[in-house]
1. Find the residue count for segment 178-211, including only residues that are of a type outside the set (Val, Ile, Thr), under 21 Å from the mean Cα position of the chain (by Cα) and over 16 Å from Asn155 (Cα atoms).
2. Testing Asp203 on (1) more than 30 Å from Lys101 (Cα to Cα); (2) in contact with a Pro (Cβ under 9 Å, 6 or more places away or on another chain); (3) among the charged types (D, E, K, R), one condition comes back false. Which one is that?
3. If you go through segment 130-144 one residue at a time, do you hit one that is within 15 Å of the ligand (Cβ to nearest atom), at negative phi and either among the aromatic types (Phe, Trp, Tyr) or assigned by TED's automatic domain parsing to the domain that holds Asp24 (or both)?
4. Are there any pairs, at least 6 apart or on different chains, whose C-beta atoms fall under 9 Å, with the first in segment 52-77 and over 23 Å from Lys23 (Cβ atoms) and the second of a type in the set (Lys, Arg) and exposed (fewer than 13 other Cβ atoms within 10 Å of the Cβ), and if so, which?
5. Of Ala96, Ala62, which residue is assigned by TED's automatic domain parsing to the domain that holds Val37, at negative phi, small (Gly, Ala, Ser) and out of contact with any helix residue (DSSP H, G or I) (no Cβ under 7 Å at 6 or more places or on another chain)?
6. Could you name every one of the helices (runs of 4 or more DSSP H) located completely within segment 1-112 that has at least 2 residues being hydrophobic (A, V, I, L, M, F, W, C) and within 16 Å of the chain's Cα centre (by Cα)?
7. Search segment 98-112 for residues being within 13 Å of the ligand (Cβ to nearest atom) and crowded, with 20+ Cβ neighbours inside 10 Å, and hand back the single one that is farthest from Arg128 (Cα to Cα).
Amino acid sequence: MSEERTIMHMDLDSFFVSVERLKDPSLLGKPVIVGGVGARGVVSSCSYEARRYGIHSAMPGAQAHKLCPHGIFLPGDYAAYSDYSRRVTQIIADAAPLFEKASIDEFYVDLTGMDKYFGAYRWATELRQKITLETGLPISFGLSVNKMLAKMATNDAKPNGQLMIERGREQEFLDPKPVGKIPFVGEKLEESLNKMGIRTIYDLGQMPQIA
Ligand SMILES: [Mg+2]
């Protein structure tokens, strides 16, 4: 048996939109879309209010405009985003001995060896609060035994939440989820799996091994 690991995953909630809202609080509560401006632009981030119209990141701007004509479309202020990203990274670096920046708004912290699993959860909770207090940005985290599960926990916790998968309950957490919730399973693969009758992660586990 390998050593039990404790991994925290963190993700800033609709990061670009959250930064825009710090710059202009009148954007709070409104469908805000960053990107998708101009003929060939694509959405790079959108608020939860915009998601209700079916808008998601990587969607062509023209389609987003059609779905939500009264949405507030912003070109994006990438200097401000990287500035805030740096600030969040610094807070994490000051607190965590071992961390990895996975993208501009996403981080993993290795808390293996920290006294007790629940101690790690408390530590993670405090770090999350510190980030929001010092930057004004909402952030979510997940805690589990590996990176994939921690990231899936974060996705469940969003927006502005946190979730620990209790040790030993990983399979219970996974089984009922649609296969599309696995981070590396895209829309196309999910569709193919569904066509094979595989809808949940449990179904996937029932498949005979193909060597
Ligand atoms: Mg994010």
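1. Summing the residues that are of a type outside the set (Val, Ile, Thr), under 21 Å from the mean Cα position of the chain (by Cα) and over 16 Å from Asn155 (Cα atoms) in segment 178-211 gives 4.
2. Answer for Asp203: the failing condition is (2).
3. Yes, segment 130-144 contains at least one residue that is within 15 Å of the ligand (Cβ to nearest atom), at negative phi and either among the aromatic types (Phe, Trp, Tyr) or assigned by TED's automatic domain parsing to the domain that holds Asp24 (or both).
4. Pro60/Arg40; Ala62/Arg40
5. Selected residue: Ala62, the only one of Ala96, Ala62 that is assigned by TED's automatic domain parsing to the domain that holds Val37, at negative phi, small (Gly, Ala, Ser) and out of contact with any helix residue (DSSP H, G or I) (no Cβ under 7 Å at 6 or more places or on another chain).
6. Details: elements: 15-23, 48-51, 61-67, 78-95.
Those helices (runs of 4 or more DSSP H) span 15-23.
7. Asp105
Every residue, every condition in (1) farther than 15 Å from Met8 by Cβ; (2) over 11 Å from the mean Cα position of the chain (by Cα); (3) touching a residue at least 24 places away in the same chain (Cβ under 8 Å), yes or no:
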site: Asn146; (1), (2), (3): no, yes, yes
site: Lys151; (1), (2), (3): no, no, yes
site: Asn155; (1), (2), (3): no, no, yes
site: Ile165; (1), (2), (3): no, yes, no
site: Gly168; (1), (2), (3): yes, yes, no
site: Phe173; (1), (2), (3): yes, yes, yes
site: Pro176; (1), (2), (3): yes, yes, yes
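The values are calculated or read from the model by the stated rules, or taken from the named source; none is laboratory data. Treat the numbers as computed from the prediction; the structure is a model and nothing was measured. Virtual Cβ from ideal backbone geometry, glycine too; neighbours counted across all protein chains shown.
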